[in-house]
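Shown next, in structure tokens, is the structure this report addresses.
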Amino acid sequence: LRTIGVMTSGGDAPGMNPAIRAVVRTALANGIRVIGIEDGYEGMLNGRFREMGARDVGGILQRGGTILRTARSMEFKTPEGQRKAIRQLSSAGIDAVVIIGGDGSLTGGMKLQEQGVPVIGIPGSIDNDIYGTDMCVGVDTALNTIVDAIDKLRDTASSHNRAFFVETMGRNCGYLAVQAGIICGAEMAIIPEYETPFKEVAEAVEDAYKRGKSHCIIVVAEGAKLNANELAAKLQEMNVGFDTRVTVLGHVQRGGKPTAFDRFLATRFGVKAIEFLLSGQTGVMTALTGRDITPIPLATVVNNRRTLSEEYIKMARILAR
Ligand code: F6P
């Protein structure tokens with residue numbers, strides 16, 4: 001193993017930079033050359049490569065986003081695209097690749113591994129929807145951003161006696177919404193994993209008003225069947241007491257400097273990625289299991305769906321009363 005590539009792919013997540021830094025410096029410490037692949041699979045296909053030294057990753061621990069930039073590539077999904085990418089890697093002398101990204105990016109990694117390119121994946125996605133790891137890089141920072149936003153919304157909501165419908169990201173996963181619901185004391189979290197009847201939402205809002213609450217916060221995951229804008233409009237029409245408003249948190253959730261937790265998790269993942277490579281364990285993802293970082297086969301990761309903790313969902317329901 002002489003030269004490795006490192007790249008970020010899919011939606012960016014705070015903590016990707018600390019992961020890149022840890023990969024680069026751990027590799028260099030072991031005498032391995034590192035090539036940064038820019039713009040995810042798009043850059044791999046088009047040979048956007050640059051040599052990375054220890055200084056190139058200086059001062060990035062605290063920066064959100066990814067210095068290697070990222071993209072979602074349609075071309076790489078095709079067999080021709082994959083062949084083109086493999087040719088680019090081989091002409092640059094890249095023997096193995098560390099891929100930091102979400103589900104789609106790790107699926108791409110598995111395709112490379114199947115075609116003879118050793119790959120290590122690092123889970124990076126604010127959604128926390130990746131099977132096999134307790135946490136992904138970026139989740140903690142996104143959650144802190146959401147908490148900060150909801151705390152602020154609560155101030156204005158209670159000053160005006162309003163019900164706020166706050167839309168969180170997460171694609172088809174309700175993790176961010178459930179956690180935010182618990183730690184922000186929301187009246188309800190509406191998630192894709194469960195079908196919440198509209199009646200239930202209306203009752204929760206009305207009930208909060210009747211019980212004399214000065215505000216009502218409903219967190220709505222973007223992937224849920226019920227939509228924040230529609231809910232707010234319907235409830236406004238029904239005259240449930242509160243005036244209603246909507247806040248879509250959007251891409252704000254993807255930015256910002258990584259929290260201490262994310263920096264440390266990303267750093268541990270980066271170091272372990274190189275350790276796994278050196279010990280010949282490839283085709284795996286670095287996973288946080290309890291307190292340990294363990295290798296889990298990419299095939300297991302991409303062929304399974306992560307489910308939400310029933311315990312947390314129950315907790316959110318009980319504490320909202
Ligand atoms: O996967 C991360 C994520 O932010 C999801 O939560 C969201 O659904 C999606 O990416 C948004 O993608 P884009 O940045 O392409 O709009």
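The values are calculated or read from the model by the stated rules, or taken from the named source; none is laboratory data. Keep in mind it's a predicted model, so treat the numbers as computed, not measured. When we count neighbours, we look across all protein chains shown, and the Cβ atoms used for this are built from the backbone with ideal geometry, even at glycine. Side chains included, ligands, DNA and RNA excluded: accessible areas come from the protein's heavy atoms. Shrake-Rupley method; radii C 1.70, N 1.55, O 1.52, S 1.80 Å.
For region 146-166, taking the residues that are within 16 Å of the ligand (Cβ to nearest atom) and crowded, with 22+ Cβ neighbours inside 10 Å, the one that is nearest to T66 (Cα to Cα) is identified as I146.
Here is the figure for region 80-119: residues that are in contact (Cβ under 8 Å) with a residue 60 or more places away in the chain, part of a helix (DSSP H, G or I) and open to solvent by less than 20 Å² (accessible area, probe 1.4 Å) total 5. Contact map, region 141-166: residues that are within 17 Å of H251 (Cβ to Cβ) paired with residues that are of a type in the set (S, T, N, Q) and in a strand (DSSP E or B), Cβ distance under 7 Å, separation 6+ or inter-chain. Pairs shown: I146/T168; V166/T247.
Of all residues in region 237-254, none that is more than 30 Å from T141 (Cα to Cα) and open to solvent by less than 30 Å² (accessible area, probe 1.4 Å) has its Cβ atom under 8 Å from the Cβ atom of a residue that is within 16 Å of the ligand (Cβ to nearest atom) and part of a loop (DSSP other than H, G, I, E, B), 6 or more apart or on another chain. For region 25-48, the set of residues classified as farther than 12 Å from V97 by Cα, touching a residue at least 12 places away in the same chain (Cβ under 8 Å) and within 25 Å of the chain's Cα centre (by Cα) consists of R25, T26, E38, D39, E42, G43, L45, listed by residue number. Under the condition of being more than 12 Å from the ligand (Cβ to nearest atom) and surrounded by 24 or more Cβ atoms within 10 Å (Cβ to Cβ), the residues counted in region 120-132 number 3. In this structure, does V220 turn out to be within 22 Å of the chain's Cα centre (by Cα) and in a strand (DSSP E or B)? In short, yes.
Is there a residue in region 269-280 that is basic (K, R), at pLDDT 95 or above, touching a strand residue (DSSP E or B) at 6+ places or on another chain (Cβ under 6 Å) and open to solvent by less than 70 Å² (accessible area, probe 1.4 Å)? Yes, region 269-280 contains at least one residue that is basic (K, R), at pLDDT 95 or above, touching a strand residue (DSSP E or B) at 6+ places or on another chain (Cβ under 6 Å) and open to solvent by less than 70 Å² (accessible area, probe 1.4 Å).
Can you spot a residue in region 248-262 that is at pLDDT below 95 and within 30 Å of C216 (Cβ to Cβ)?
No, because not a single residue in region 248-262 is at pLDDT below 95 and within 30 Å of C216 (Cβ to Cβ).
Out of A221, A202, A228, A186, which single residue is farther than 13 Å from V166 by Cα and open to solvent by less than 10 Å² (accessible area, probe 1.4 Å)?
Values: A221 fails: farther than 13 Å from V166 by Cα; A228 fails: farther than 13 Å from V166 by Cα; A186 fails: farther than 13 Å from V166 by Cα.
None of the others qualify; the one that does is A202.
When region 77-104 is limited to residues that are within 16 Å of the ligand (Cβ to nearest atom) and not acidic (D, E), the one that is farthest from L278 (Cα to Cα) turns out to be K77. Contact annotation: residue pairs with Cβ atoms under 7 Å, 6 or more positions apart or on different chains, pairing a residue in region 49-68 that is at positive phi with a partner that is open to solvent by 30 Å² or more (accessible area, probe 1.4 Å) and outside any helix (DSSP H, G or I), are G65/D12.
Go over the candidates A228, A208, A224 one by one and state the one that is within 16 Å of the ligand (Cβ to nearest atom), of a type in the set (A, V, I, L, M) and free of Cβ contacts under 8 Å to residues at least 60 places away in the same chain. Please lay out each step first, then the result.
Values: A228 fails: free of Cβ contacts under 8 Å to residues at least 60 places away in the same chain; A208 fails: within 16 Å of the ligand (Cβ to nearest atom).
None of the others qualify; the one that does is A224.
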